[in-house]
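Colleague: Just passing along the structure, written as structure tokens.
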Amino acid sequence: MDIDSLPSGARALVDANIFIYHTNPSVITSLTDYITEAEKLLRLPLRVTEVTAADITASHDLRRQYGLFVNDSINLACALRLGLVDIVTHDADFPRAPNIRVWEPTDI
């Protein structure tokens, strides 16, 4: 789902990788939506939360169940602990987790 459709006031986990993805250098100069979307995110009332030992433990099962990479499974464990179903990311792996809605920038 396009990030512009994320409901106002929604609580969502932001996969920080959307701020640091590396891509073909020739593509970077044409990115516009990404810059706009990142700026929109920075204007949100973001809350940074810690990763707990319990999140790390829970991430092992999530990794095996849904075939996620380590960082993705930790992000998902944190989201589940916080009761979040919305994840802002450009990662194609999260839709494999049930009951998770993925919101993404459109030009990455």
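The values are calculated or read from the model by the stated rules, or taken from the named source; none is laboratory data. The shown structure was predicted, so the numbers you read here are calculated from the model rather than taken from an experiment. Cβ coordinates were reconstructed from backbone atoms using ideal geometry, including for glycine residues, and neighbour counts include every protein chain displayed.
Colleague: Within segment 53-108, which residues are of a type in the set (D, E, K, R) and over 19 Å from LEU41 (Cα atoms)?
Modeller: Hits for segment 53-108 are ASP55, ASP61, ARG63, ARG64, ASP72, ARG81, ASP93, ARG96.
Colleague: Checking ASP72 against (1) crowded, with 20+ Cβ neighbours inside 10 Å; (2) at pLDDT 95 or above; (3) among the charged types (D, E, K, R), which single condition isn't satisfied?
Modeller: Answer for ASP72: the failing condition is (2).
Colleague: Sticking with this one: Would you check which residues across segment 84-108 are in contact with a strand residue (DSSP E or B) (Cβ under 8 Å, 6 or more places away or on another chain), at pLDDT 85 or above and assigned to a loop (DSSP other than H, G, I, E, B) and list them?
Modeller: LEU84, VAL85, THR89, ILE100
Colleague: So which residues in segment 33-74 are of a type in the set (Ser, Thr, Tyr) and under 20 Å from TRP103 (Cβ atoms)?
Modeller: TYR34, THR36, THR49, TYR66, SER73 - these are the residues of segment 33-74 that are of a type in the set (Ser, Thr, Tyr) and under 20 Å from TRP103 (Cβ atoms).
Colleague: Mind counting the residues in segment 84-100 that are surrounded by fewer than 16 Cβ atoms within 10 Å (Cβ to Cβ) and in contact (Cβ under 8 Å) with a residue 60 or more places away in the chain?
Modeller: 0
Colleague: So, one more: Does ILE56 satisfy the criteria of being assigned to a helix (DSSP H, G or I) and of a type in the set (Val, Ile, Thr)?
Modeller: For ILE56, the condition - assigned to a helix (DSSP H, G or I) and of a type in the set (Val, Ile, Thr) - is met.
Colleague: Can you tell me which residue in segment 28-43 is modelled with the highest pLDDT, limited to those that are surrounded by 11 or more Cβ atoms within 10 Å (Cβ to Cβ) and within 15 Å of the chain's Cα centre (by Cα)?
Modeller: Step by step, filter segment 28-43, then rank; the result is LYS40.
Colleague: Could you figure out which of (1) assigned to a helix (DSSP H, G or I); (2) free of Cβ contacts under 8 Å to residues at least 40 places away in the same chain isn't true of VAL48?
Modeller: All conditions are met except number (1).
Colleague: In segment 1-27, which residues are part of a loop (DSSP other than H, G, I, E, B), surrounded by 10 or more Cβ atoms within 10 Å (Cβ to Cβ) and either basic (Lys, Arg) or modelled with pLDDT under 70 (or both)?
Modeller: Those that are part of a loop (DSSP other than H, G, I, E, B), surrounded by 10 or more Cβ atoms within 10 Å (Cβ to Cβ) and either basic (Lys, Arg) or modelled with pLDDT under 70 (or both): ARG11, TYR21, THR23.
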